[in-house]
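Structure first, commentary second.
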Amino acid sequence: MEELEKIREIERYEKEKIQERIKLKREKERSDEFEEVIVECPECGSHTLVHDYERAELVCNECGLVIDENIIDQGPEWRAFDHDQRMKRSRVGAPMTYTIHDKGLSTMIDWRNRDSYGKTISSKNRAQLYRLRKWQRRIRVSNATERNLAFALSELDRMASALGLSRNVRETAAVVYRRAVDKNLIRGRSIEGVAAAALYAACRQCNVPRTLDEIAEVSRVSRKEIGRTYRFVSRELSLKLMPTSPIDYIPRFCSGLSLKGEVQGKGIEILRQAAEKELTSGRGPTGVAAAAIYIASILCNDRRTQREVADVAGVTEVTIRNRYKELAEELGIEIIL
């Protein structure tokens, strides 16, 4: 009898073990299903999916199919209706950024003599705070490499501010420059030249077109050196950048000339027709874009002179005349001057 009970206990123990393994396996399969990220619409195959956190749904932007529901909002549990309220309720520091040499992870002591509650620091402790601020500023940069990186990133920020570039372009330029430093491409070249080349490459990557002349105007090096450094850096870092399209320049030039949206749309349409007939290949994108805007302004009865268009586009009137004659002749556009 005792042996029979032992056998039954062993069988019960093994059965519980098997059930436990099956349970763990099912939980793992569920977690794998939960962690799977949906990147494509099963209905139309589109990749433009929108997270609607108000309804807790994942929606396809093309066909409107609700792909998933009851999704989890990873954001904060509090709400804020203006910047001051958001800053007061936030319990974390500033996000990490590549535009600062230490990625913004070190301590910064503010220049205002106020404590964490906003109260003014007494004159008794002000001298101590001044010394703390001075030594913190000194120890943030520990060696020559960090000092050069800090100088290069400040130069990048200065040029980007002068050109009115957005945050994502600045971050991309900082990443390109850091990659060049890691591959030791700075040796034998000026920091300003490599920084300007990194900014030009970032503009190309982010589809925010800026010409070499525009970069050279705000930098401390010549156009020739920027172009030479850019070609070297792009080759060494394997940056596969497509040629700049003339269409990318249309919104900026139209904004500079205070033209209507109708003119902008017409200019883009002319350039698309020209691209289909391969009229834009081998020609400067700014000159072709300026000629398309000049033609569109005449067709839409919102005329601008060749001199005005040339000043905004940074090309000569002769270039605009040559390009607009080519476009008008090949596309069959009749222009009444």
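At pLDDT below 95, touching a helix residue (DSSP H, G or I) at 6+ places or on another chain (Cβ under 9 Å), surrounded by fewer than 21 Cβ atoms within 10 Å (Cβ to Cβ) and farther than 16 Å from SER238 by Cβ: does that describe VAL175? Spell out how you get there, then give the answer.
Values: at pLDDT below 95: yes; touching a helix residue (DSSP H, G or I) at 6+ places or on another chain (Cβ under 9 Å): yes; surrounded by fewer than 21 Cβ atoms within 10 Å (Cβ to Cβ): yes; farther than 16 Å from SER238 by Cβ: no.
No.
Does segment 263-282 contain at least one residue that is on the phi > 0 side of the Ramachandran plot and not assigned by TED's automatic domain parsing to the domain that holds ASP157?
Yes.
What about ARG307, is it among the basic types (Lys, Arg), exposed (fewer than 14 other Cβ atoms within 10 Å of the Cβ) and out of contact with any strand residue (DSSP E or B) (no Cβ under 7 Å at 6 or more places or on another chain)?
When the stated conditions are applied, ARG307 passes them.
Hey, TYR294 hits all of (1) part of a helix (DSSP H, G or I); (2) closer than 21 Å to VAL208 by Cα but one; which does it fall short on?
All conditions are met except number (2).
Among the candidates ASP84, ASP102, single out the residue that is within 26 Å of the chain's Cα centre (by Cα), acidic (Asp, Glu), farther than 20 Å from VAL218 by Cα and outside any loop (DSSP other than H, G, I, E, B).
ASP84
Quick test for you: out of ASN148, ASN184, pick the one residue that is in the same structural domain as GLU214 (by TED's automatic domain parsing), surrounded by fewer than 19 Cβ atoms within 10 Å (Cβ to Cβ) and part of a helix (DSSP H, G or I).
Numbers: ASN184 fails: part of a helix (DSSP H, G or I).
That would be ASN148, the only listed residue that is in the same structural domain as GLU214 (by TED's automatic domain parsing), surrounded by fewer than 19 Cβ atoms within 10 Å (Cβ to Cβ) and part of a helix (DSSP H, G or I).
Name every residue in segment 65-79 that is acidic (Asp, Glu) and touching a residue at least 12 places away in the same chain (Cβ under 8 Å), in order of residue number.
Passing the criteria: ASP68, GLU69, ASP73.
Among all residue pairs at least 6 apart or on different chains, which show Cβ distances below 9 Å where the first residue, located in segment 260-276, is in contact (Cβ under 8 Å) with a residue 40 or more places away in the chain and the second is not in a helix (DSSP H, G or I)?
LYS260/CYS300; LYS260/ASP302; GLU262/CYS300; GLU262/ASP302; ILE270/ILE333; GLN273/LEU279; ALA274/THR280
Please go through segment 214-240 and pick out each residue that is touching a Lys or Arg at 6+ places or on another chain (Cβ under 6 Å) and either touching a residue at least 60 places away in the same chain (Cβ under 8 Å) or in the same structural domain as GLY314 (by TED's automatic domain parsing) (or both).
LEU237
Condition test on SER116, is it surrounded by fewer than 12 Cβ atoms within 10 Å (Cβ to Cβ) and small (Gly, Ala, Ser)?
yes
Please work out which residue is surrounded by the most Cβ atoms within 10 Å (Cβ to Cβ), limiting yourself to segment 310-333 and to residues that are without any contact (Cβ under 8 Å) to a residue 24 or more places away in the chain and not in a helix (DSSP H, G or I).
Among those that are without any contact (Cβ under 8 Å) to a residue 24 or more places away in the chain and not in a helix (DSSP H, G or I), it is THR316.
Among SER255, SER154, which is polar (S, T, N, Q), more than 16 Å from the chain's Cα centre (by Cα), assigned to a helix (DSSP H, G or I) and over 29 Å from SER106 (Cα atoms)?
The conditions single out SER255.
The values are calculated or read from the model by the stated rules, or taken from the named source; none is laboratory data. In this text, all values refer to a predicted model and were calculated from it rather than measured experimentally. We place every Cβ from the backbone using ideal geometry, glycine too, and count neighbours over all the protein chains shown.
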